[in-house]
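All remarks here apply to the structure that follows.
The values are calculated or read from the model by the stated rules, or taken from the named source; none is laboratory data. Computed from a predicted model, the values in this text were never measured in an experiment. Positions of Cβ are generated from backbone atoms using ideal geometry, with glycine treated the same way; all protein chains shown enter the neighbour counts. Side chains included, ligands, DNA and RNA excluded: accessible areas come from the protein's heavy atoms. Shrake-Rupley method; radii C 1.70, N 1.55, O 1.52, S 1.80 Å.
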Amino acid sequence: MSKRQIELEVMRYDPEKDEAPWFQNYEVPCEEDWAILDAINYVKENIDTTLSYRWSCHMMVCGSCGMMVNGEPSLTCKTFIRDLPDKVRIEPLENFPIERDLVVVLDNVMEKLQTAQPYIIRKDPPPSDDKEYTQSRAALYKFKQYTMCINCMCCYAACPQYGLDQSFIGPAALALAHRYNLDSRDQGKAQRLDILADHDGVWDCSFVGACSEVCPKSVDPAAAIQQMKIEGAKEFWKQKLSGGKS
Amino acid sequence: MSRQPYIRPMSKTTWYMRNGRYKVYMLREMTCLLVGFYSFLVIFGLAALSSAERWNAFLASQQNAAMIAFHGFALIYFLIYQTFAWFELAPKAMPLQIGEKKLSDSYIVIAHYIVWAVLSAFIFWLAGVF
Amino acid sequence: MAVAKKAIVWGLFAAGGTVSSFVFPALITLFFLIAVGTTPDGLQYEKIHEFAASFLGKACLFIVISLSLWHAAHRLRVVFHDLGVRKDKVVANAVYLAAFVGTAMTAFYLFLIR
Ligand code: SF4
Ligand code: SF4
Ligand code: FES
């Protein structure tokens, strides 16, 4: 197979030495069918063992290899050399603090995923012991798309509102909440909306749509958020009309 | 090993210049100026309905090269960044599922265009354009 | 905690966005026709006055204008935020007040037309 010479421009940052990140260039002889992750692995194995980055599965399931590729938040195992020019700039995901080189600090979004209460909430008692929660296929397809998220956080790197204000709960966490809100077995919608349709929740999203465009799993978090806004508006009137808390 | 995460700065005032996607978003958001402008223009028109003279003066105030250019520009800008953009995004906010299958977004978008065409034709008919 | 009041403004924003998307292209076209000097018959004083004096005409005009104003106001608030103006309370009060004034003016002028 023919090789192609690619120049990787990689952002480096060593918290013990560097004041600020800088770029280092590597010449990588790539196979035509390589993904960017292969090129980075080549650097690590053959050129520079000090380069730090995250990856695991190399097959779009673990969600750990998200980076900026030529300014676009991308899953590097799913972004192919053949679709890129000869010079490729690799940076850690935008909007996150850099831990070292291409590794970012994800603590903030990990907390946010919790606020989505991503588990089935029941008000009624569960079905009797030996029975399962049954669910029709139609009911499953209502939310299936939102279960595909692999927490790669590309959407957060794309979202300007998260970049501007880190208290915004953000795309993946809201899509995750929506996934449970839409689940026919779940009864926690009002409880989730109480948090997610409050300040810092869905209203901080201005529907830039960037999150959905970069999502490698076609989760479409922007759509989830708009639907939650509608649900939130309905819930608001429900709470008002029932004379409840507000 | 000491941790010292580096936070890349993000300009609060010029961030949208970072990529084409953000620029398009800002162009879309700017349509609010046109919506506001035309809303108030109609309000001034309503005020001018108090007499035939005032109404004719209102019409005359529109009849100059600058307003021709402005209305022409506004129409194109509005179509691209408000009407078409809105229709494009509408199915995301209101997805429809029939049976097991989600209805393709394009049906909902096309439905919007049809309603829009009919409504616009009705408004033109009402205004006596044809 | 509860669902934020932003739910109301957002609801009006979405309604206004829909209405303006559907109606404004025709509206702007009419203004364009007026501008180039081919004012359609329906916009001559008698006809348009008759339309604005009818209950249905009043209702349509009021709904379209008031919702569009709220839409524009809310989006302008977001634009200010996006341009880096961080006095959201002040901005919100100003733009919503403008929309409210416009809505009141619409109601007032429509009331005068009979
Ligand atoms: S929604 Fe998409 S982009 Fe965001 S974390 Fe999940 S898979 Fe990644
Ligand atoms: S649609 Fe909302 S969540 Fe997605 S990128 Fe835009 S502002 Fe962020
Ligand atoms: S390495 Fe697992 S998703 Fe890319």
Length-normalised contact order of chain C, Cα under 8 Å, at least 6 apart, in percent, tallies to 34 percent
Between the modelled labels at B:ASN19 and A:GLN187 (7 Å from Cα along Cα→Cβ) the distance in nm is 4.3 nm
Can you find, among A:LEU51, B:PHE130, B:LEU49, the residue farthest towards the positive end of the dipole of the protein assembly as shown? Put +1 on the C-beta of Lys and Arg, -1 on that of Asp and Glu. B:LEU49
Distance between modelled label sites at A:GLU16 and B:SER61, nm, 7 Å Cα→Cβ extension: 7.2 nm
Leaving out ligands, DNA and RNA but keeping every protein chain, what accessible area does C:HIS71 have, in Å² rounded to the nearest 10, with a 1.4 Å probe? 0 Å²
Once the mean of 1/r over all distinct C-alpha pairs in chain A is inverted, the Kirkwood radius in Å reads 19.9 Å
Peptide A:218-229, shielding by other chains (average Cβ, 10 Å cutoff): 3
With +1 on the Cβ of every Lys and Arg and -1 on the Cβ of every Asp and Glu, and nothing else charged, how large is the dipole of the range A:1-128 about its Cα centre, in debye rounded to the nearest 20? 540 debye
Cysteines in the protein assembly as shown that, by Cβ-Cβ distance, have no pairing candidate under 4.7 Å: A:CYS30, A:CYS65, A:CYS77, A:CYS149, A:CYS152, A:CYS154, A:CYS159, A:CYS205, A:CYS215, B:CYS32, C:CYS60
Show log10 I(q)/I(0) for chain C at q = 0.23 Å⁻¹, two decimals, from a solvent-free Debye sum over equal Cα scatterers. -1.29
Residue-by-residue Karplus 3J(HN,Hα) for the range B:24-30, coefficients 6.51, -1.76, 1.60, Hz, glycine and proline x: 4, 4, 5, 4, 5, 5, 5
Here the net charge surrounding A:GLU32, from other residues whose Cβ is less than 15 Å away from its Cβ (Lys, Arg +1; Asp, Glu -1), is -2
Residues C:LYS89 and A:ASP124, FRET efficiency given R0 of 45 Å [Cβ-Cβ distance, rounded to 0.05]: 0.60
Accessible area in the full protein assembly, largest first, 1.4 Å probe, for C:LEU83, C:LEU27, C:LEU69: C:LEU83, C:LEU27, C:LEU69
Toward the positive end of the charge dipole of the protein assembly as shown, about the Cα centre and with charges on Cβ (Lys, Arg +1; Asp, Glu -1), which of A:ILE81, A:ILE120, A:CYS65 goes farthest? A:ILE120
Provide the gained length on full extension for the span A:SER2 to A:ARG82, in nm with one decimal, where the gain is 0.36 nm per separating residue minus the Cα-Cα distance. 27.6 nm
Amide H of A:ILE6 versus every other amide H placed in the peptide plane: which residues, excluding those fewer than 5 positions away on the same chain, fall under 5 Å? A:VAL28, A:CYS30
Shape call, chain B: gyration tensor on alpha carbons, a/c limit 1.5: oblate
Compute the helix-to-body angle for B:31-48: its Cα long axis versus the longest principal axis of chain B, expressed 0 to 90° and rounded to tens. 20 degrees
Between A:LYS131 and C:LEU112, the FRET efficiency computed from the C-beta separation at R0 = 60 Å comes out, to the nearest 0.05, as 0.30
Please give the helix A:221-241 orientation as an angle from the longest Cα principal axis of chain A, in degrees from 0 to 90, rounded to the nearest 10. 20 degrees
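Quick check for me: using +1 on Lys/Arg Cβ and -1 on Asp/Glu Cβ, what's the dipole size of chain C about its Cα centre, in debye to the nearest 20?
Working: 10 positive and 5 negative charges, 118 e Å.
My answer is approximately 560 debye.
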Can you give the FRET efficiency for A:MET148 and A:SER52, using 1/(1 + (r/R0)^6), R0 = 35 Å, r = Cβ-Cβ distance, to the nearest 0.05? 0.80
Between A:MET59 and B:ILE98, what is the label-to-label distance in nm when each label sits 7 Å out along the Cα-to-Cβ direction? 3.7 nm
Put +1 on the Cβ of each Lys and Arg and -1 on the Cβ of each Asp and Glu in chain B; which of B:GLY36, B:ASN19, B:SER120 then has its Cα farthest toward the positive end of the dipole? B:ASN19
